[in-house]
Structures are given as C-alpha cells and as structure tokens.
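Chemist: Got a structure for you, written out below as structure tokens; questions coming shortly.
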Amino acid sequence: MQCIDPKKGNKLLTNVVTEKQNYKKDRAWIEINLNNLIHNANVLKNVMPKNCELMAVVKTNAYGHGDKEIAACLNQNGIDTFAAATVKEAIRLRKNGIRGDILILGHTDLDLIPEVLEYNLIQTITSYEYGKRLNQGRYNQKIKTHIKIDTGMHRLGLEAEAADKVIELFFMSNLEICGIFTHLCVSDSQQSTDISFTKLQISRFYELLDKIKDTGLNLPKIHIQSSYGLLNYPQLTCDYARIGIALYGTFSTLEDTLKNQWNLHPVLELKAKVAVTRAIKAGESVSYGRLFISSGDMKIAVIAIGYGDGYPRHISLRGGHVLLHGKRVPILGRICMDQLVVDISEIPKVKAGDIATLIGKDGEEEILAAEVAEKAESITNELLCRLGERLERVYIIDEC
Ligand SMILES: *Cc1c(COP(=O)(O)O)cnc(C)c1O
C-alpha cells in the first residue's frame, strides 16, 4: 500500500485520508504521513545486511504514532515481525488484524500466559527462573519464546556467562525457543570507552552462541541491534534488527537527527488551532506565575494545546517556538494543561482558527521533534511516546 483510492478506502486503516481530502480538525491533532513511514522502512531494509529482517518496534502506541495503524501499514508493505513491550499491546495488535510474529519484549505475568498462547504471541524469557516457571505452567501447547541475554545492560535477561542455564532452556519440553537476543546500552555513543563496551557486549553474545552451537543445537533467530545499533554497527550477523525510533524518521537527539545519514523522513506532525488572539499592553503578564512580562504593547495568540496533550511543560521559558504562517513565533510564559500562548506581534494577521505547527513543516520552516525534545531536556523517544490520547491521529497517504 503506497497509495489509497479515497473512494475504496482501506480495510485495516479506516481513518486514512489523502492530502487533498478535508478532514474535520478539532483543537489539536497529530498528522501521520504513511508514505514517509514506508520510505523509512525501505531505507532501513536497505542498510541492513541481506539476511537481516526488520522487526518493527511498535511499543507505547508505536511511539505515539498509533500502533494499530502503523503496524497495519507496515504489514501491508511486507513487514511481518513486530515487537511490543507488553502482552496487552501485543493483543491489541492481533485484535486489529496484524499478522506475523509479535514478540513481547517485557515481562508478562504468568497469569496472562494463556492469552500469549491464545493470540499466538512470542514471550521473552527474561531470566532463568522465569523460563523455568513458564515451562512448569500447565498449558496444552508449547510457549513460543525468545531468550533475552544480558551482556552488560543489567536490565532483563540471563547472564551471557551462564551458558549452561541458557542451554538448559533449550531442553525444556514446554518451551519453543524461536529466538535469542541481547540489547546494547551505549551503541549510540562515539566515545572510545563506549565503543569498546559495545564490542564487548557483542563478543559476549556471539561467544554464548558458539557454546550453544557446540552442544549440537541449532541456533534460533538472533538479534542485537536497535536503531542506534544498526546505525553504528550495521554489519553484525543477525536475523533481525529491532527498529523503533528510526522507523519514525528521527533519532533520539537533535544532533543525530540533523546528521540524517539515512535520509529518513519524519512521520509525525503535531498541530493545533489558534483559539483566540488578543492585544496586551507594556508591563502586562502572560499565563500562570506571571513569569513573562511584556516590555511593550504586543499581540498574542492562545494555541489550543498544552501539557495535557503531552506537549512538555518543561519547555516553558526555555525558548520554545511554534510555526504560524510559515514563521517561527516564541512561546510566552508557562505552558498550561490545555493551552499555550505565543507572541504574534510580528505576524498580526494571525486569527482564531489558524493552524499552528508544533512539530513539523510550515512553508520553509520546520520544527523537528528532536528540537522540541532537546528544549524539554529529554529525547525524541520520550516526547513522542507521551503525546496524549486526547490528540486525534490522522493518517495521510498519497492518492492513487
Ligand atoms: C524499545 C526497544 C527497542 C527499539 O529501540 P529504538 O532505539 O527505538 O530503535 C529495541 N529493543 C528493545 C529491547 C527495546 O526495548
């Protein structure tokens, strides 16, 4: 699906529109460009070694982009391996018609294993003990699993050194070991100590795989890299790369995003309407706390979006901007739950109902998600996945 016939629509994606179609816009919303998503998936497939497949990470509502729509679009474009963080996320994907493998990356309570089986999901084995308990559960079929190996992150997984325990899992009769993987914790860094550490993690993992092979077992699917792992260590021998943030057309920091080595296209734009405009006089204050005081007569606009929608309050008084009529205008004073105020003295033609762009392009100007994240002293991943449920998500694709 690279395009859509607006008359016929699309079975999996009911809320898709084309650029030309008009859709009703309320106060604040997200526009998701599915052509950019498809572009990014293709770019990523091209940088991966030949036998490596893309595992699309769609946890936390696909980093705020809408998990069922993102997964459906990818599914229709030949991607059939997904990763979720939780069993509930994985079930949601299945209930919305997503086919293929769905790996649950995180812990699933044993009470919910019947659902893992019912929906044909794959559970990560997060520790030896957990694997043993999974094996002891009385289910009438084998549980599909991937074994997580801790090579230095010290979060989830069996220790890479404990080869005996890992091998034991392969012999547990109620487990089907479909994969084995590890996670890198400083693969984004260019510092030499971090590069050494990443190489150590990688070698620990491959050494473990050798020990498994030495016992005569066949290796299941293997995977190591996430977005930064693929960026900085692209040539590892793997069956999958687990890609989240890059799929959405950005990296975690502004610096990395601006390099844009792969020519990724941002998938998400965040927009909101001007609610009212008004004039204030010199010496008057704007918003809670009276932290902005006007030094002269000025014109301001109230934009109908706030931290209740996931736009970070931390950006207040830290030089944040929005785009209006293709120009950058500064945010004034504190960001509120449902509104924020901007200075429109330079563009007095702004009126109620005009559309402000908080993330995305307007004319020649662009505000990257990574820029907003940096202003919020965070990373793009956090910013995007916290964009709230109150925002409507509109999916846009080229018209055939
Ligand atoms: C979230 C996650 C990923 C995806 O990471 P990105 O940096 O967004 O590509 C990959 N693997 C694991 C284990 C994760 O938790």
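The numbers here are math on the coordinates, done by the rules we state, and not lab data. Keep in mind the model is a prediction, meaning the values are calculated, not measured. When we count neighbours, we look across all protein chains shown, and the Cβ atoms used for this are built from the backbone with ideal geometry, even at glycine.
Chemist: Please list, by residue number, every one of the GluC sites (Glu not before Pro) in the range 335-381 that is coil in DSSP and has at most 16 other beta-carbon atoms within 10 Å. Display every interim value, and only then the final one.
Modeler: Details: sites: GLU346, GLU364, GLU365, GLU366, GLU371, GLU374, GLU377; in loops: GLU346, GLU364, GLU377.
Here the sparse-neighbourhood loop sites are GLU346, GLU364, GLU377.
Chemist: In whole angstrom, and with the biggest value first, how far do the Cα coordinates of the chain range along each principal axis?
Modeler: Principal extents (largest minus smallest coordinate, Cα): 79, 53, 39 Å.
Chemist: How about the range 145-243: which chymotrypsin sites (Phe, Trp or Tyr not before Pro) there are in a DSSP loop, with at most 12 other Cβ atoms within 10 Å of their Cβ?
Modeler: Answer by residue number: PHE171.
Chemist: Moving to a separate point now. Tell me the GluC sites (Glu not before Pro) within the range 134-204 that lie in a loop according to DSSP and have at most 15 other beta-carbon atoms within 10 Å. Write down the numbers at each step before the final one.
Modeler: On the way: sites: GLU159, GLU161, GLU168, GLU176; in loops: GLU161.
Sparse-neighbourhood loop GluC sites (Glu not before Pro): GLU161.
Chemist: Could you give the radius of gyration (one decimal) and Dmax (whole number) of the Cα atoms in the range 1-136, in Å?
Modeler: 17.1, 56
Chemist: Right, another one. Where does the chain land at 222 nm, in deg cm²/dmol rounded to the nearest 500, when only DSSP H runs of n ≥ 4 count, each adding -39500 (n - 2.57), divided by all residues?
Modeler: Numbers: 12 runs with 109 residues, N = 400.
My calculation for the chain gives -7500 deg cm²/dmol from helical runs alone.
Chemist: Still on this structure: Express the relative contact order of the chain as a whole percentage, based on alpha carbon pairs under 8 Å and six or more residues apart in sequence. Could you put the intermediate results ahead of the total?
Modeler: On the way: 851 pairs, mean separation 81.9, N = 400.
Computed over the chain, the figure is 20 percent.
Chemist: Output wanted: per-residue J couplings in Hz (rounded whole) for the range 156-161, from phi through Karplus 6.51 cos²θ - 1.76 cosθ + 1.60, θ = phi - 60°, x for Gly and Pro.
Modeler: Once rounded to whole Hz, the list reads 9, x, 7, 5, 4, 6.
Chemist: Continuing with the same structure: By average Cβ neighbour count within 10 Å, what is the ranking of 249-255, 85-91 from highest down? Walk me through the intermediate numbers first.
Modeler: Details: 249-255: 21.1, 85-91: 19.3.
Packing order, densest peptide first, comes out as 249-255, 85-91.
Chemist: Can you work out the Karplus-derived ³J(HN,Hα) for every residue in the range 74-87? Use 6.51 cos²θ - 1.76 cosθ + 1.60 with θ = phi - 60°, whole Hz, and x for glycine or proline.
Modeler: Once θ is set to phi - 60°, the couplings for the range 74-87 become 5, 4, 6, 10, x, 9, 10, 10, 10, 10, 10, 8, 10, 5 Hz.
Chemist: On to the next question. Quick one: 3J(HN,Hα) in Hz for the range 88-96, Karplus 6.51/-1.76/1.60 with θ = phi - 60°, rounded, Gly and Pro as x.
Modeler: 5, 4, 5, 5, 4, 4, 4, 4, 9
Chemist: Would you mind giving the three semi-axes, in whole Å and largest first, of the ellipsoid equivalent to the range 124-185 according to its Cα gyration tensor? Numbers along the way, then the final one.
Modeler: Values: eigenvalues 87, 23, 18 Å².
Taking √(5λ) for each Cα gyration eigenvalue gives 21, 11, 9 Å.
Chemist: Calculate how large, on average over all directions, the projected area of the Cα convex hull of the range 253-400 is; give the answer in nm² to one decimal. The partial results should precede the final answer.
Modeler: Numbers: hull surface 39.2 nm².
Value for the range 253-400: 9.8 nm².
Chemist: Hey, how much of the P(r) for the range 144-302 falls beyond 29 Å, as a percent of Cα pairs?
Modeler: Details: 5651 of 12561 pairs.
I get 45 percent for the Cα pairs in the range 144-302 exceeding 29 Å.
Chemist: Which Cys residues of the chain have no other Cys beta carbon under 4.7 Å away?
Modeler: CYS52, CYS73, CYS178, CYS185, CYS238, CYS336, CYS385
Chemist: Going by alpha carbons, how many degrees (0 to 90, nearest 10) lie between the helix axis of 34-47 and the longest principal axis of the chain?
Modeler: With rounding to tens, the tilt is 40 degrees.
Chemist: Continuing with this model, one more query. Round to a whole angstrom and tell me the spacing of the C-alpha centers of the range 199-223 and the range 98-151.
Modeler: First find each Cα centre; the distance between them is then 21 Å.
Chemist: Step through the table entries LYS68/LYS259; LYS165/LYS221; LYS59/LYS132, compare each Cα-Cα distance with 23 Å, and write down the pairs that go over it.
Modeler: Working: LYS68/LYS259 30 Å; LYS165/LYS221 18 Å; LYS59/LYS132 26 Å.
As for pairs spanning more than 23 Å Cα to Cα, those are LYS68/LYS259; LYS59/LYS132.
Chemist: Could you state the angle between the C-alpha long axis of helix 192-214 and the longest principal axis of the C-alpha atoms of the chain, as a value from 0 to 90 degrees rounded to the nearest 10?
Modeler: So the inclination is approximately 30 degrees.
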